[in-house]
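The values are calculated or read from the model by the stated rules, or taken from the named source; none is laboratory data. Worth saying up front: this structure is predicted, and the values here are computed from it rather than measured. Cβ atoms come from the backbone with ideal geometry, glycine included; neighbour counts cover every protein chain shown. All accessible areas refer to the heavy atoms of the entire protein, side chains included, with ligands and DNA or RNA removed. Shrake-Rupley method; radii C 1.70, N 1.55, O 1.52, S 1.80 Å.
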2 protein chains.
Amino acid sequence: MTEKRLYHTVANKLLELIDSGVFPPGSRLPGERDLAKRFGVSRVSIREAGIALQAQGRVEIKVGSGVYVLDRSSLPVYGLPKVGPFELTEARALFEGEAAALAAPMISDEDLVRLERLIEIMTGEVEDELGPVEADAEFHLTIARSTNNHAILFVIDSLWKMREEASQLQEVYETVCHKDHRDREDEHRLILEALKRRDSSAARIAMRAHFSRMIEALLVESEAQALREVQRKSSESRSRYTLSQQTE
Amino acid sequence: MTEKRLYHTVANKLLELIDSGVFPPGSRLPGERDLAKRFGVSRVSIREAGIALQAQGRVEIKVGSGVYVLDRSSLPVYGLPKVGPFELTEARALFEGEAAALAAPMISDEDLVRLERLIEIMTGEVEDELGPVEADAEFHLTIARSTNNHAILFVIDSLWKMREEASQLQEVYETVCHKDHRDREDEHRLILEALKRRDSSAARIAMRAHFSRMIEALLVESEAQALREVQRKSSESRSRYTLSQQTE
DNA sequence: GGTTTGAAATGTCCATACCAATTTAGAAAT
DNA sequence: ATTTCTAAATTGGTATGGACATTTCAAACC
């Protein structure tokens, strides 16, 4: 209990208050100056505690407003590596393929109808509070969940979070996904059909095909993007050149 | 690049310096006062950056000594789920099997001799700074690393950390591993042989066999453990009974 | 009623001074 | 020459006080 760093003990006391319900998720903590007086420490220590808690994903600090308690359940796994689109898709192809194969013999009927509905949401046939992107995530997570294996669920959840992490990566994904949304629908249906038949190896193949097509699309897209980049840079240097011509 | 919080930009700059090799893992970075002058900010901001980095597990701060760079792959990832031995081993069988299959065609000769050496360390033939347990970890991580896929490396690293997380789980593993250490050696050699031949499917099969045997052993062990638990509880309730007899 | 404005609250940052833990170097003893 | 001990230098930790930027919200205004 007797921590060495002051900010650490402050952070722990705050966590106790949060966990004991004094500061429920969503609520706002007292101001720095207030807390400093209450704990009998300086404002610096309070703020350091806040930074530490923020780094742990327990609170959110909004400048000029205050620090707000976050919901513990939605804590975003820190230490996720920065990965490129190809690495990520390759990993997903392998791991989600295996997850689907494992899930096939044991998936429940409820989950099967849930998958059906999620596909309809993605295609836009059905409106829902879930957006099409969230539905896509839920599709893959539902399959992972039906393996009844927390480690597998964690892995696939982490892979999805990596995708969300890098905004640049997300852009690439968006364009790829929306371009061939018809292909994606077909692939999702093939996966679902294999699961319905409780066919492990078909499920694995279908899932892999889904990601293989994605890698193909990524190749095309990254090529086009590289081309645009070249054009942008050359036009940039051209305008800089004309600019320097004018100023001299 | 222009973050809003000052300590955040400082932290990012430090991370760049660390990742670019200016401050390699294990090294000590300049003192607060030095860094403050260098970045043109106050000491508090430097320390706040340090706290943030520490919370992310990237550095270790020792009072009176300095802040030291930690090995990136060695620690972080909070929010690992608690998983049982069976779940974990099942997940490892699937995922590490695929990783081995992917690594087989592209693994370097240096990594192959490294794997050879690691097996020898595990069997005790060779002494090393690495213990046998660490060698086991390194064996699997080396294979994962040679896929050249950071996402895959992350997953397999995470799975190993889950094993280390729960002490109870570790006990079970220890007993299982040491009981049939001869089997384990053979299995590791089979994996290595498959990799040497660049045979993807053989590598996958060998890796899966390794974990399948583990699951078998776990079944036996958990049975024995369940038996012990029953005995413990019954003897406990018996002693409680005699105790309540005495006090009344 | 809707918009603008301005004061209060709040987080952010800095400079300085002092404290406590650690390391280092040099003197002293062997 | 080597070891041991002590004191100074170095380093991170904390406190204080002030200045600044952003946000919030209610009063004032059109």
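Chain A contacts chain B over a buried accessible area of about 3300 Å², both sides summed; the probe is 1.4 Å and only protein chains count. When chain A is treated as a Gaussian network with alpha carbon springs shorter than 10 Å, the biggest mean-square fluctuation among A:R208, A:R38, A:R184 belongs to A:R38. For chain A, the longest principal axis of the C-alpha atoms and the axis of helix A:167-179 are separated by about 30°. Residues considered: B:V133, B:V41, B:V172. Largest GNM mean-square fluctuation over chain B, using C-alpha springs under 10 Å, is found at B:V41. The modelled label-to-label distance for the pair B:D180/A:H181, using points 7 Å beyond Cα in the direction of Cβ, is 5.2 nm. Per residue, the range B:48-199 exposes 44 Å² of accessible surface when a 1.4 Å probe is rolled over the protein heavy atoms with every protein chain present.
As an exercise, identify the GluC sites (Glu not before Pro) in the range A:39-138 lying in DSSP coil whose Cβ has no more than 10 other Cβ atoms within 10 Å.
Here the GluC sites (Glu not before Pro) that fit, given the DSSP loop and packing criteria, are A:E125, A:E127, A:E129.
Rounded is the label for the protein assembly as shown, because a/c, from the alpha-carbon gyration tensor with a ≥ b ≥ c as root eigenvalues, stays below 1.5.
Out of A:I51, A:S158, B:V83, whose Cα points farthest toward the positive end of the dipole of the protein assembly as shown (charges: +1 Lys, Arg; -1 Asp, Glu; placed on Cβ)? Towards the positive end, the residue furthest out is A:I51.
For the residue pairs B:K13/B:K161; B:K13/B:K37; A:K62/B:K37, the alpha carbons lie more than 19 Å apart in B:K13/B:K161; A:K62/B:K37. Note on the range B:1-151: dipole from Cβ charges, positive end direction compared against B:A99, B:L115, B:G31; the farthest Cα belongs to B:G31.
For the range A:85-239, the direction-averaged projected area of the alpha-carbon convex hull comes to 9.9 nm².
In chain A, the longest principal axis of the Cα atoms and the axis of helix A:150-165 are about 80 degrees apart.
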